[in-house]
Amino acid sequence: MLRTSFILLSMIFFATSLFAQNSVWSANPDVVQTQQENRPDFIWDETYVPDYQLPDLLTTGDGNQIESAGQWPERRAEILEIFRDQMYGRRPGQPQNLSFNLIEENPDAMSGEATLRRIAIESEHEGRTHEFELTLFLPNNAVGASPLFLLMNNRGLNNTDPTRREKSGFWPAEEVVDRGYAIGAIQNNDLAPDDQEEFINGVIRLFEGNVSIEDRAPDAWMALAAWGWGASRAMDYFEKDPDIDQEKIALLGHSRGGKASLWAGAEDERFSIVISNESGAGGAALSRRQFGETVEAVNRFTHWFTENFKAYNDREPDLPIDQHMLISLIAPRAVYVASADEDLWADPRGEFLALSHASPAYALWNHSEIAPDEMPGLNQPLIAGPRGYHVRTGGHNLTPQDWGYFMDFADAYFESTEFSD
Ligand code: GTR
């Protein structure tokens with residue numbers, strides 16, 4: 001009797017997991033309804049998504065077809081230039097002087113599991129100075145240099161507490177170290193305060209002195225680009241720390257931080273994995289779908305994108321780019337896009353589709369396609385060579401579950417021939 005019910009149970013389990021494997025995500029109707037009631041002016045239902053045509057990834061401005069990986073840099077440069085000009089702005093490179101100073105080192109952090117390093121990243125430019133902190137935990141049992149996850153933290157300092165008195169699922173440092181990765185964090189606010197008046201009072205002033213917001217160029221770098229500039233300076237540090245494997249750096253951001261991590265990964269090709277968690281509008285989600293947050297809605301944060309981008313408010317079809325092209329700028333490096341079931345504002349399907357429509361760029365390296373109808377079901381990460389995606393249960397947040405999937409992806413990618421080739 002017991003044996004029969006066990007067999008029966010296993011069969012049911014097998015059947016449901018088979019079903020789950022094949023399922024395709026669709027929005028929970030209750031969540032759709034609530035959103036429709038709360039924000040009736042936005043699109044929450046697939047049937048209202050307008051028809052759209054995405055700009056072709058592989059056709060250059062002159063109408064030439066890109067057919068090989070060897071030809072890609074020309075197209076890549078062209079796409080990058082449009083994004084700089086129209087959307088994220090032009091960020092500078094290193095300042096005249098850049099230095100790294102160890103503020104604290106504790107080889108006995110996390111009950112002896114990790115070494116804590118706190119680094120001050122100091123810049124000097126035309127007589128002005130700027131400083132921000134990089135917090136790092138390195139696994140003590142590492143053999144050789146460690147791969148690393150770097151979070152561009154868009155939330156409070158308490159999420160990345162170096163003392164570990166406070167622990168947060170947003171940056172689950174112990175779990176990451178336990179899996180053999182180093183983990184780092186920078187604070188976006190140190191680079192550009194997340195405020196429409198104050199954003200200029202960080203690294204932008206370092207380069208531009210006393211300029212006023214109104215006098216800046218319509219393609220000037222704004223907060224998202226400034227946060228990414230900080231990630232690149234952290235990368236400059238990783239190149240100098242022998243305990244860190246500079247070839248294996250995964251850059252990660254959530255929401256506005258995810259918009260910034262994608263752009264940072266586009267600008268700086270030293271990051272080998274770029275991760276966007278629920279970055280939505282102006283991040284991974286296709287703008288032309290106008291699902292959930294639109295270009296106009298995201299531009300209410302006037303300090304994130306360039307002045308030029310504001311011209312596309314309510315004019316998405318006129319954009320010369322869309323976000324699948326942002327993702328293509330990361331090719332052939334690895335990119336992972338993550339969504340959450342209840343976070344319809346960020347348009348999970350639009351995030352998946354941008355990843356999918358970057359396939360022609362990845363195909364130049366013979367990487368397999370992610371078909372538009374292949375969106376996986378809830379909590380079933382899809383890994384296709386150097387690209388990954390998941391949509392997990394729950395709302396807008398960065399959680400240990402997300403981190404777990406990111407680490408599974410990094411494990412697989414760093415082991416793969418795509419990476420070692
Ligand atoms: C929202 C914004 C989103 C997203 C989010 C966040 O208010 O509309 O684009 O960036 O903030 O950063 O948490």
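The values are calculated or read from the model by the stated rules, or taken from the named source; none is laboratory data. Predicted model, so just to flag it, every value in this text is computed and none were measured. Reconstructed Cβ throughout: ideal geometry from the backbone, glycine too, with neighbour counts over all protein chains shown. Heads up: the accessible areas ignore ligands, DNA and RNA and are worked out on the full protein's heavy atoms, side chains in. Shrake-Rupley method; radii C 1.70, N 1.55, O 1.52, S 1.80 Å.
Worth a mention:
- Inclusion of Lys310 among residues that are buried (at least 20 other Cβ atoms within 10 Å of the Cβ) and basic (Lys, Arg) is not warranted.
- The residue that is nearest to the ligand (Cβ to nearest atom), counting only those in the stretch 383-394 that are out of contact with any strand residue (DSSP E or B) (no Cβ under 8 Å at 6 or more places or on another chain) and either over 26 Å from Val177 (Cβ atoms) or open to solvent by less than 50 Å² (accessible area, probe 1.4 Å) (or both), is Ala384.
- For the stretch 333-355, the count of residues that are free of Cβ contacts under 8 Å to residues at least 12 places away in the same chain and open to solvent by less than 50 Å² (accessible area, probe 1.4 Å) is zero.
- When Gln290 is tested against (1) at negative phi; (2) surrounded by 24 or more Cβ atoms within 10 Å (Cβ to Cβ), exactly one condition is not met: (1).
- Scope the stretch 211-235; condition open to solvent by less than 10 Å² (accessible area, probe 1.4 Å) and away from the ligand (no atom under 16 Å from the Cβ); matching residues: Trp221, Trp229, Gly230, Ala231, Ser232, Ala234, Met235
- Those residues of the stretch 57-83 which are touching a strand residue (DSSP E or B) at 6+ places or on another chain (Cβ under 9 Å) and open to solvent by 60 Å² or more (accessible area, probe 1.4 Å), in sequence order: Gln65, Gln71
- Close pairs (8 angstrom Cβ cut-off, 6 or more residues apart or separate chains): open to solvent by 20 Å² or more (accessible area, probe 1.4 Å) in the stretch 395-417, of a type in the set (Phe, Trp, Tyr) and within 16 Å of the ligand (Cβ to nearest atom) anywhere: His396/Trp345; Asn397/Phe170; Thr399/Phe170
- The listed residue being assigned to a helix (DSSP H, G or I) and within 25 Å of the chain's Cα centre (by Cα), out of Glu78, Glu37: Glu78
- Qualifying residue in the stretch 145-166 (condition: outside any strand (DSSP E or B), touching a helix residue (DSSP H, G or I) at 6+ places or on another chain (Cβ under 6 Å) and either within 20 Å of Ser279 (Cα to Cα) or within 16 Å of the ligand (Cβ to nearest atom) (or both)): yes
- Qualifying positions in the stretch 262-289 - assigned to a helix (DSSP H, G or I), of a type outside the set (A, V, I, L, M, F, W, C) and either touching a Ser or Thr at 6+ places or on another chain (Cβ under 6 Å) or more than 16 Å from the ligand (Cβ to nearest atom) (or both): Gly265, Glu267, Arg288
- Qualifying positions in the stretch 236-255 - within 16 Å of the ligand (Cβ to nearest atom) and buried (at least 24 other Cβ atoms within 10 Å of the Cβ): Leu252, Gly253, His254
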